[in-house]
Amino acid sequence: MLNEWRSNVWIVIEFIIVSVVLWYISDYLFATYSMANRPKGFDSEHCYLLTLHDLTSQSPKFIENRTIEQKAEDLREIMERLRRRPEIEAVSLSINSYPYNGSDSEISFGYDSIRNSGLHRVATADFVKVFRYEGINGETPEQLAKELEEGKILLSDNFFTYSNAKALRVSEIGPDRIYLDNDTSFIQTGTPLKPVRYDDFHKWSVFALFSRETESPQAMLWMSELCIRVRPDMDKDIIQTLMKEAQTQFHVGNFVLNDVESFDSIRQQYHQGDYDRRRNYLVGMGFMMLNIFLGLLGTFWFRTQQRVQEVALRKVNGATDRSVSGRLVSEGLILLAAATPIAVCIDAILAKYEFNEWLDGYLVWSHLAVNAAITFVLMALMVVAGILFPAWRAMKIQPAEALKDE
């Protein structure tokens, strides 16, 4: 290997470049899959979003001169009719609040001199029942809904610690110490919530849920998100069932049910770009691994063909096929082992300057080590596969044939 150091240096350089690229792809896939499998703090299974159409004067069924109060009462009646159905477990009305809605509406709170901002969500009390939020001590959605009805504000327990590890958790802060950032008066908070993530692939989980703003008729009409949870054992053709009754049971005043969409579909549409990107990275990794395999196969085939006489001479002197193939494979692995520390240093530099995917930070040594190990294993498999076949072909040549020109 020392005698062939010039060609080996080029192979090491190739290993370094390929290792860094594979690490980048592995890092992205590891981060996205790890984040997707973490608790989200909500459950959108068996949930549906209902869209109500507000009839205009062009419709023959339009009712003129409906006041704000009457319109709000019409909306409440539709919600009550939904609640009375045996299939439906909970009904809520909200604005920019349901999962996968893409709203970045924020609000700030503080205690003492500590301040932080989080997602601002406004919904009726049963919103926590629809999406099954939980308190940090296992408080049920029903218990949380009662607190919202009492006018309390529900904050995620990590509201202040998310961006400040030295801050207190909401559960550690005493009563009458939390205030709105633009107000000097203290607020009444309820049970701290388990962190509620923004979506499947983002860790942001700083969350504040209000319900008291939904009480006025005007606020009722501002909210356009009518969400329901269907009982799992009765979640069969619920979209078709509700739409069949859209013009009768769910036509109140000038409101009429116009569409029903499952949150499975909403999540799919919302994350389609993330799914496509993840798929592209997987395809890219597979394509790179194929190219690595073919490149190594060609390189080591050429190297092995040049060493056919050496292989034959070793076999004449008692070497076995296993020992010869082990020597050839070990040479490739030694070159890979020499390239890996350099590649890991480059990986660490890229992570330090935040070129990789975020997961509990950019430069996390355990995260870096796991993906470096995954990259090394993948490349080692390609090295072994790229060497064994030409080595097997070389060992099939009879020593006398290989040495006949000597």
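Among the residues of the range 253-267, those that are polar (S, T, N, Q) and either in a strand (DSSP E or B) or modelled with pLDDT under 95 (or both) comprise Asn254, Asn258, Ser262. Scanning the range 320-347 for residues that are of a type in the set (Gly, Ala, Ser) and either over 30 Å from the mean Cα position of the chain (by Cα) or exposed (fewer than 13 other Cβ atoms within 10 Å of the Cβ) (or both) turns up Ser323, Ser325, Gly326, Ser330, Gly332, Ala337, Ala338, Ala339. If you go through the range 149-159 one residue at a time, do you hit one that is in contact (Cβ under 8 Å) with a residue 12 or more places away in the chain and at positive phi? There is at least one residue in the range 149-159 that is in contact (Cβ under 8 Å) with a residue 12 or more places away in the chain and at positive phi.
Among (1) of a type outside the set (Val, Ile, Thr); (2) out of contact with any Pro (no Cβ under 7 Å at 6 or more places or on another chain); (3) at pLDDT below 95, where does Ala72 come up short? Exception for Ala72: condition (2).
Scanning the range 101-124 for residues that are farther than 19 Å from Phe160 by Cβ, in contact (Cβ under 8 Å) with a residue 60 or more places away in the chain and surrounded by fewer than 21 Cβ atoms within 10 Å (Cβ to Cβ) turns up Asn101, Gly102. Evaluate the range 233-250: report whether one residue or more is modelled with pLDDT of 90 or more and within 18 Å of Arg66 (Cβ to Cβ). Among the residues of the range 233-250, at least one is modelled with pLDDT of 90 or more and within 18 Å of Arg66 (Cβ to Cβ), which makes the answer yes. Screening the range 37-81 for residues that are among the aliphatic types (A, V, I, L, M) and more than 26 Å from Val130 (Cα to Cα) and picking the one that is farthest from the chain's Cα centre (by Cα) gives Ile63. Applying the criterion of being surrounded by fewer than 17 Cβ atoms within 10 Å (Cβ to Cβ) and among the hydroxyl-bearing types (Ser, Thr, Tyr) to the residues of the range 178-220, the residue that is nearest to Glu69 (Cα to Cα) is Ser216. When residues in the range 255-303 are screened for being free of Cβ contacts under 8 Å to residues at least 40 places away in the same chain, closer than 30 Å to Met220 by Cα and hydroxyl-bearing (Ser, Thr, Tyr), 1 of them pass.
The set of residues from the range 144-168 being of a type outside the set (A, V, I, L, M), within 17 Å of Ser113 (Cα to Cα) and surrounded by 15 or more Cβ atoms within 10 Å (Cβ to Cβ) comprises Asn158, Phe159, Phe160, Thr161, Tyr162.
Taking the criterion of being of a type in the set (Asp, Glu) and not in a loop (DSSP other than H, G, I, E, B), the only residue of the range 161-189 that qualifies is Glu172.
Residues of the range 233-254 that are among the charged types (D, E, K, R), under 33 Å from the mean Cα position of the chain (by Cα) and loosely packed, with under 15 Cβ neighbours inside 10 Å: Asp233, Lys236, Asp237. Taking the range 203-250, which residues are of a type in the set (A, V, I, L, M) and over 25 Å from His53 (Cβ atoms)? The answer is Val206, Ala208, Leu209, Met234. The strands (runs of 3 or more DSSP E) located wholly in the range 19-134 that include 3 or more residues which are closer than 29 Å to Ser262 by Cβ and of a type outside the set (Phe, Trp, Tyr) occupy 47-54, 88-95, 114-123.
With respect to being farther than 30 Å from Asp199 by Cα, surrounded by fewer than 18 Cβ atoms within 10 Å (Cβ to Cβ) and in contact with a strand residue (DSSP E or B) (Cβ under 9 Å, 6 or more places away or on another chain), Glu261 falls outside the description.
Of all residues in the range 1-30, exactly one satisfies the criterion of being among the acidic types (Asp, Glu) and either surrounded by 17 or more Cβ atoms within 10 Å (Cβ to Cβ) or under 24 Å from Arg279 (Cβ atoms) (or both), namely Asp27. Every listed requirement among (1) modelled with pLDDT of 90 or more; (2) part of a loop (DSSP other than H, G, I, E, B) is met by Trp204 save one, (1). Scan the range 306-319 for residues that are surrounded by fewer than 16 Cβ atoms within 10 Å (Cβ to Cβ) and either closer than 16 Å to Met1 by Cα or hydroxyl-bearing (Ser, Thr, Tyr) (or both) and jot them down. Result: Gln306, Glu310. Go through the residues of the range 354-373 one by one and say whether even a single one is more than 24 Å from the chain's Cα centre (by Cα) and assigned to a helix (DSSP H, G or I). No, there is no match, as no residue in the range 354-373 is more than 24 Å from the chain's Cα centre (by Cα) and assigned to a helix (DSSP H, G or I).
The values are calculated or read from the model by the stated rules, or taken from the named source; none is laboratory data. Every value quoted in this text rests on a predicted model; they were computed, and no experiment measured them. Note that we place each Cβ from the backbone using ideal geometry, even for glycine, and neighbour counts take in every protein chain shown.
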